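Undergrad: Sharing a structure with you now.
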Amino acid sequence: MRERLSFKLSHLGNEARYDLSGSILDLRSAKTPLRFSFIYPAVGKSGCVVKLFKVLQTNMCENNCRYCAIRKDRNIPRLYFKPKELAGIFMEYYRKGEVQGLFLSSAVFKSPDRAQEMIIETLRILRRELNYKGYIHAKILPGVSYELIGETAKWADRLSINLEAPSGDYLTRLSEDKNWYELYRRLKLVSEVTRKFNLRAGAITQLVVGPANENDRDILRLTEHLYRGLKLSRVYYSGFTPIVDTPLENTPPAPWWREVRLYQADMLVDGHSNIRSCSLWR
């Protein structure tokens, strides 16, 4: 039983690393060595490192995004955590002081709503049954019903949904399963919900940099709108890395310096580099 649990943690933690909670600048400054793939050194705005238990609820995905490690047609072990099982193992590591918070994401399992409901149940068990009062970053899945966004917000400190690309034209090069305008509408609602519920860590999104041949001007125009129009807390940029057994496996990786330059420009747009709080949510 324990061996099976360790196997799932290893795989679902490793696959969760593609969803960022720190920039390349942040992560290079994180000196703490990682003991496990599912412990992630998220970095607060002042540079302090907070160890997150970062894992997928499941990697059984209905989508076939061309860049993704867990796309439906890729030949990998397909695994999932039951909500009570995942809540329990997280609390083990939290009580031992191995982690200081949770970042929970998921593949789209059966349907967006079904997968989101699994996330919500895991968080409900943590808050209500296990009396966990610490930090939770919860993912909102593409295509999820609007009412489940509000339900997720009841249990979380931060919400995120990934736009992946700076426009619909770029996203169609990466995925036939996602609609950029639907993602944007949900991100806008996520932003509104985080303010309504006064979530202390706000709303964030992520863009994949490189594989759609997008340009930095388009990315930064969107970034400015997301900060000033949608009032997002952060935008993260994930430099593309090709993954074997995906349609984009022969696409060149994004150069590391491009990601660095985007974060530097992002700091000028948002001004959050001036914040001096050793916290994930301030």
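The values are calculated or read from the model by the stated rules, or taken from the named source; none is laboratory data. Because the structure is a prediction, the values reported are computed rather than measured. Counting neighbours? That spans all protein chains shown, and the Cβs are built from the backbone with ideal geometry, glycine included.
Undergrad: So which residues in region 198-212 are modelled with pLDDT of 95 or more and of a type outside the set (Gly, Ala, Ser)?
TA: Asn198, Leu199, Ile204, Thr205, Gln206, Leu207, Val208, Val209, Pro211, listed by residue number.
Undergrad: Right, something else. Please specify each residue of region 207-248 satisfying the condition of being within 19 Å of Val190 (Cα to Cα), surrounded by fewer than 20 Cβ atoms within 10 Å (Cβ to Cβ) and basic (Lys, Arg).
TA: Listed by number, the residues that qualify are Arg228, Lys231.
Undergrad: Being closer than 24 Å to Val235 by Cα and not small (Gly, Ala, Ser) is the filter here; which residues of region 65-92 pass it? Please lay out each step first, then the result.
TA: Step one: of region 65-92, the residues closer than 24 Å to Val235 by Cα are 65-71.
Those that are closer than 24 Å to Val235 by Cα and not small (Gly, Ala, Ser): Cys65, Arg66, Tyr67, Cys68, Ile70, Arg71.
Undergrad: Let me ask something additional. Would you confirm, using the coordinates I've provided, whether Val50 is at pLDDT below 95, surrounded by 17 or more Cβ atoms within 10 Å (Cβ to Cβ), in contact with a helix residue (DSSP H, G or I) (Cβ under 8 Å, 6 or more places away or on another chain) and not small (Gly, Ala, Ser)?
TA: Considered against the rule, which asks whether it is at pLDDT below 95, surrounded by 17 or more Cβ atoms within 10 Å (Cβ to Cβ), in contact with a helix residue (DSSP H, G or I) (Cβ under 8 Å, 6 or more places away or on another chain) and not small (Gly, Ala, Ser), Val50 comes out as no.
Undergrad: Test of understanding: among Lys188, Lys231, Lys196, which residue is closer than 18 Å to Leu141 by Cα and charged (D, E, K, R)?
TA: Of Lys188, Lys231, Lys196, the one residue that is closer than 18 Å to Leu141 by Cα and charged (D, E, K, R) is Lys188.
Undergrad: Got at least one residue in region 121-139 being modelled with pLDDT of 95 or more and within 22 Å of Asp73 (Cα to Cα)?
TA: No, that holds for no residue.
Undergrad: Only one of these conditions is not met by Leu280: (1) crowded, with 19+ Cβ neighbours inside 10 Å; (2) farther than 30 Å from Pro77 by Cα; (3) at pLDDT 95 or above. Which number is it?
TA: That leaves (3) as the condition not met.
Undergrad: Give all pairs with beta carbons closer than 6 Å in which a residue from region 213-238 that is closer than 20 Å to Pro255 by Cα meets a residue that is surrounded by fewer than 20 Cβ atoms within 10 Å (Cβ to Cβ) and among the small types (Gly, Ala, Ser); count only pairs at least 6 apart in sequence or on separate chains.
TA: Listed pairs, sorted by first residue: Leu220/Ala265.
Undergrad: If you go through region 158-190, how many residues are outside any helix (DSSP H, G or I) and within 23 Å of Lys110 (Cα to Cα)?
TA: Counting residues in region 158-190 that are outside any helix (DSSP H, G or I) and within 23 Å of Lys110 (Cα to Cα) gives 13.
Undergrad: In region 64-157, which helices (runs of 4 or more DSSP H) lie fully inside it and hold 1 or more residues that are surrounded by fewer than 23 Cβ atoms within 10 Å (Cβ to Cβ), touching a residue at least 60 places away in the same chain (Cβ under 8 Å) and not basic (Lys, Arg)? Give the derivation first.
TA: Working: elements: 83-95, 112-124, 146-153.
Correct list: 83-95, 112-124.
Undergrad: Taking Phe36, is it at pLDDT 80 or above, more than 27 Å from Thr251 (Cβ to Cβ) and either of a type in the set (A, V, I, L, M, F, W, C) or out of contact with any Ser or Thr (no Cβ under 8 Å at 6 or more places or on another chain) (or both)?
TA: Details: at pLDDT 80 or above: no; more than 27 Å from Thr251 (Cβ to Cβ): yes; either of a type in the set (A, V, I, L, M, F, W, C) or out of contact with any Ser or Thr (no Cβ under 8 Å at 6 or more places or on another chain) (or both): yes.
Considered against the rule, which asks whether it is at pLDDT 80 or above, more than 27 Å from Thr251 (Cβ to Cβ) and either of a type in the set (A, V, I, L, M, F, W, C) or out of contact with any Ser or Thr (no Cβ under 8 Å at 6 or more places or on another chain) (or both), Phe36 comes out as no.
Undergrad: For residues that are under 18 Å from Glu164 (Cβ atoms) and out of contact with any helix residue (DSSP H, G or I) (no Cβ under 9 Å at 6 or more places or on another chain), tally how many sit in region 250-266.
TA: Qualifying residue count, region 250-266: 3.
Undergrad: Looking at Asn215 and the list (1) modelled with pLDDT of 95 or more; (2) within 30 Å of Lys154 (Cβ to Cβ), which single condition is not satisfied?
TA: (2)
Undergrad: Take Arg186 and tell me if it is over 12 Å from Pro166 (Cα atoms), under 21 Å from the mean Cα position of the chain (by Cα), surrounded by fewer than 17 Cβ atoms within 10 Å (Cβ to Cβ) and at pLDDT 95 or above.
TA: Here the answer is no, as Arg186 does not meet what is asked.
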